[in-house]
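Notes for the one structure printed next.
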Ligand code: HEC
Ligand code: HEC
Ligand code: HEC
Ligand code: HEC
Ligand code: HEC
Ligand code: HEC
Ligand code: HEC
Ligand code: HEC
Ligand code: HEC
Ligand code: HEC
Ligand code: HEC
Ligand code: HEC
């Protein structure tokens, strides 16, 4: 910063002198054409000339100017200087960016901190509203499925634009065998309490919290043993099926009337009594 001021001060000292020399040179060269076009009597500089007095900005633009290098030049933004630094030499973004929700935000330079490298963003913590100008659906998901994540700013997780954080940055897995790629099998980051999965999810993931059911089913000799948890407990956590969903009415009506509860003879679905020998206790599970 200080160095910059010194450079600027020195530049100022030579401002008039240099301008004069410079302008008289360009008058005879390329400037002449432009001058004619504009019909004025003053010489006009090109973008190349700016670098003679300003070092940092041209370097920034060259390195990461993006569309501010390819679609516009210095003078498109900074009109009217030199030979004098005029009012209005710093442009408003709205001079060129209007007509979208995003362009109605306040403080463009808070995020686009350097207009010469417009896509090198500085994102503070706790930002949410501005992100929704382009990513509406994530905001809707967070708002309609309240969880602790709904209380966080988008940038608490996405502190670099476009980067996806790993769940393990903030959480531990349910079981040591789970990898970070497994979390997405059941959770969506923007509605983490809505646990949903497909039929093929390996039962060990359920076993991480339901050890008893997992062990029972794993050691059961009955055919349910071949089914994954999610083939019965379909799609959504805490979904509980009825035996009849899959088996209809497997026994004559007279028997079913007398023993309406399948568990009376078959014990639990995770530890099936396949032979159906009546267990007078009618024990569940
Ligand atoms: C002859 C040297 C010289 C040339 C050539 C030159 N500038 Fe400057 N520029 C200066 C000086 C001196 C200042 C004033 C610095 C200050 O006030 O701190 C300045 C200030 C500026 C400012 C800041 C204005 C403000 O209000 O803070 C901008 C923007 C700028 N120049 C852009 C340009 C652009 C774009 C070009 C090329 C078209 C250019 N300059 C060419 C010397 C030059
Ligand atoms: C898309 C518009 C745009 C383009 C293109 C652009 N600038 Fe700027 N420039 C700005 C804005 C906006 C600021 C004010 C930044 C701020 O307030 O922090 C600025 C600031 C400056 C300053 C003053 C810096 C300071 O710290 O006071 C200089 C010098 C400058 N630009 C030179 C250039 C030069 C040279 C080029 C071409 C290589 C260029 N700019 C291209 C928008 C632009
Ligand atoms: C003189 C016109 C002009 C001004 C002033 C201007 N821009 Fe731009 N900017 C453009 C153009 C043209 C593009 C390319 C847009 C396109 O292709 O649709 C662009 C693109 C951008 C991009 C995308 C860059 C990329 O490489 O894709 C960002 C970000 C941006 N501008 C931010 C700003 C901000 C912030 C300001 C104010 C500090 C600003 N612009 C001022 C003309 C301008
Ligand atoms: C809260 C931070 C933030 C603020 C404030 C902000 N932007 Fe952006 N802007 C972004 C992000 C993030 C992107 C996406 C960048 C990318 O695609 O890499 C973006 C992209 C852009 C783009 C390129 C994409 C497009 O739609 O053309 C332009 C132009 C732009 N912003 C201009 C502006 C202007 C003008 C303002 C002020 C009115 C502004 N931004 C305010 C964060 C912000
Ligand atoms: C001006 C529009 C704009 C703004 C504002 C914006 N983004 Fe983006 N964002 C994009 C674009 C364009 C992409 C890349 C295309 C895509 O994958 O959807 C993107 C990609 C992303 C991605 C990666 C998506 C993926 O599939 O890998 C994340 C995460 C993201 N943005 C988060 C944010 C956050 C957080 C904010 C607020 C700080 C924000 N964005 C603001 C336009 C924007
Ligand atoms: C930047 C940190 C961060 C990241 C990344 C993160 N979380 Fe969280 N999450 C939290 C905090 C903080 C809480 C509240 C305290 C707690 O329960 O640990 C939370 C709570 C939760 C909750 C309980 C929600 C509630 O309201 O009770 C679930 C479920 C959850 N996170 C799942 C995930 C999953 C899955 C991922 C990856 C897709 C993830 N989180 C990524 C910070 C994070
Ligand atoms: C708790 C951390 C966390 C918060 C808060 C968060 N995200 Fe995400 N986001 C993630 C993770 C992790 C992913 C990767 C997909 C997944 O695991 O569901 C993601 C994915 C994305 C994607 C890629 C597309 C998609 O939906 O998968 C975008 C865009 C995005 N987030 C934007 C946002 C925006 C905008 C906000 C704020 C409204 C936000 N995120 C809040 C962690 C978070
Ligand atoms: C098989 C589905 C499944 C997988 C895979 C899974 N979770 Fe969960 N997770 C759940 C269920 C179900 C709950 C809610 C338990 C409840 O209702 O209390 C939960 C709750 C959470 C919570 C809230 C706090 C807690 O422990 O109850 C966090 C944090 C969490 N999961 C993170 C993760 C992470 C990180 C991963 C990736 C290793 C992951 N989950 C993988 C099903 C899963
Ligand atoms: C993070 C731990 C966790 C994981 C992983 C988990 N659950 Fe649960 N589950 C719970 C908790 C906690 C309860 C509530 C227990 C209670 O209410 O007593 C529960 C309840 C249930 C219930 C009973 C619902 C009811 O109404 O009685 C079923 C069925 C269930 N889980 C199946 C599964 C299946 C299938 C999976 C694997 C896809 C799974 N769970 C993964 C923690 C988990
Ligand atoms: C999601 C479907 C589904 C649900 C729900 C279900 N079952 Fe089954 N069951 C099966 C399948 C598949 C088989 C194996 C059939 C075969 O291979 O012939 C089976 C087999 C059986 C058998 C024969 C076991 C053997 O080893 O020969 C009994 C008894 C049985 N189920 C009872 C029950 C009872 C009681 C319930 C409720 C507590 C129940 N089932 C719930 C799908 C289901
Ligand atoms: C054949 C279908 C089937 C399979 C496979 C199955 N369940 Fe169940 N589960 C049920 C039914 C039906 C109930 C309802 C209670 C009952 O009938 O005893 C139930 C109940 C539960 C409950 C509620 C508490 C309880 O015991 O009543 C949990 C927890 C549970 N199952 C977890 C699991 C887990 C974990 C797996 C995989 C290891 C699994 N289930 C596999 C059908 C099944
Ligand atoms: C009174 C005891 C009793 C009750 C109650 C009972 N079952 Fe059975 N079930 C049996 C017996 C005994 C067998 C063995 C018959 C055989 O192997 O031929 C059997 C066999 C089965 C089979 C295997 C059929 C096959 O062809 O392999 C299924 C499936 C079954 N029962 C489902 C159910 C369901 C579902 C219910 C509740 C709606 C139920 N049972 C209620 C006694 C019962």
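The values are calculated or read from the model by the stated rules, or taken from the named source; none is laboratory data. This one's a predicted model, so the numbers in the text were calculated from it and none came from an experiment. Glycine gets a Cβ as well: all are built from the backbone with ideal geometry, and neighbour counts include every protein chain shown.
How many residues, within the stretch 173-187, are over 15 Å from residue 233 (Cβ atoms) and either assigned to a loop (DSSP other than H, G, I, E, B) or at pLDDT below 95 (or both)?
Number of matching residues: 8.
Which condition from (1) away from ligand 7 (no atom under 12 Å from the Cβ); (2) surrounded by 15 or more Cβ atoms within 10 Å (Cβ to Cβ); (3) part of a loop (DSSP other than H, G, I, E, B) is the one that residue 190 breaks?
(1)
Checking residue 101 against (1) touching a residue at least 40 places away in the same chain (Cβ under 8 Å); (2) within 16 Å of ligand 7 (Cβ to nearest atom), only one condition comes out false. Which one?
Residue 101 satisfies all of (1) touching a residue at least 40 places away in the same chain (Cβ under 8 Å); (2) within 16 Å of ligand 7 (Cβ to nearest atom) except (1).
Please find, among 102, 145, 112, the residue that is under 30 Å from residue 194 (Cβ atoms), surrounded by 12 or more Cβ atoms within 10 Å (Cβ to Cβ) and within 8 Å of ligand 4 (Cβ to nearest atom).
Only one candidate passes the filter, namely 102.
Looking at 130, 165, can you tell me which residue is outside any loop (DSSP other than H, G, I, E, B) and under 29 Å from residue 108 (Cβ atoms)?
Selected residue: 130, the only one of 130, 165 that is outside any loop (DSSP other than H, G, I, E, B) and under 29 Å from residue 108 (Cβ atoms).
Can you confirm whether residue 88 is assigned by TED's automatic domain parsing to the domain that holds residue 52, modelled with pLDDT under 95 and more than 6 Å from ligand 3 (Cβ to nearest atom)? I'd like the intermediate steps shown before the answer.
Working: assigned by TED's automatic domain parsing to the domain that holds residue 52: yes; modelled with pLDDT under 95: yes; more than 6 Å from ligand 3 (Cβ to nearest atom): yes.
Judged against the criteria, residue 88 is a match.
Can you say whether residue 166 is in the same structural domain as residue 150 (by TED's automatic domain parsing) and exposed (fewer than 12 other Cβ atoms within 10 Å of the Cβ), as far as the supplied structure shows?
Answer is yes for this residue.
Looking only at helices (runs of 4 or more DSSP H) that lie completely in the stretch 206-265, which have at least 3 residues being in contact with a helix residue (DSSP H, G or I) (Cβ under 9 Å, 6 or more places away or on another chain) and under 27 Å from residue 193 (Cα atoms)? Don't jump to the end; show me each part of the working.
Numbers: elements: 211-219, 229-232, 243-247, 253-258.
In the stretch 206-265, the matching helices (runs of 4 or more DSSP H) lie at 211-219, 229-232.
Got a sec? Which of 236, 257 is at pLDDT 90 or above, within 16 Å of ligand 9 (Cβ to nearest atom) and more than 20 Å from residue 215 (Cα to Cα)?
Answer to the check: 236.
Of the residues that sit in the stretch 149-162 and are free of Cβ contacts under 8 Å to residues at least 40 places away in the same chain and either part of a helix (DSSP H, G or I) or more than 9 Å from ligand 7 (Cβ to nearest atom) (or both), which one is nearest to residue 64 (Cα to Cα)?
If we take residues in the stretch 149-162 being free of Cβ contacts under 8 Å to residues at least 40 places away in the same chain and either part of a helix (DSSP H, G or I) or more than 9 Å from ligand 7 (Cβ to nearest atom) (or both), then 160 is nearest to residue 64 (Cα to Cα).
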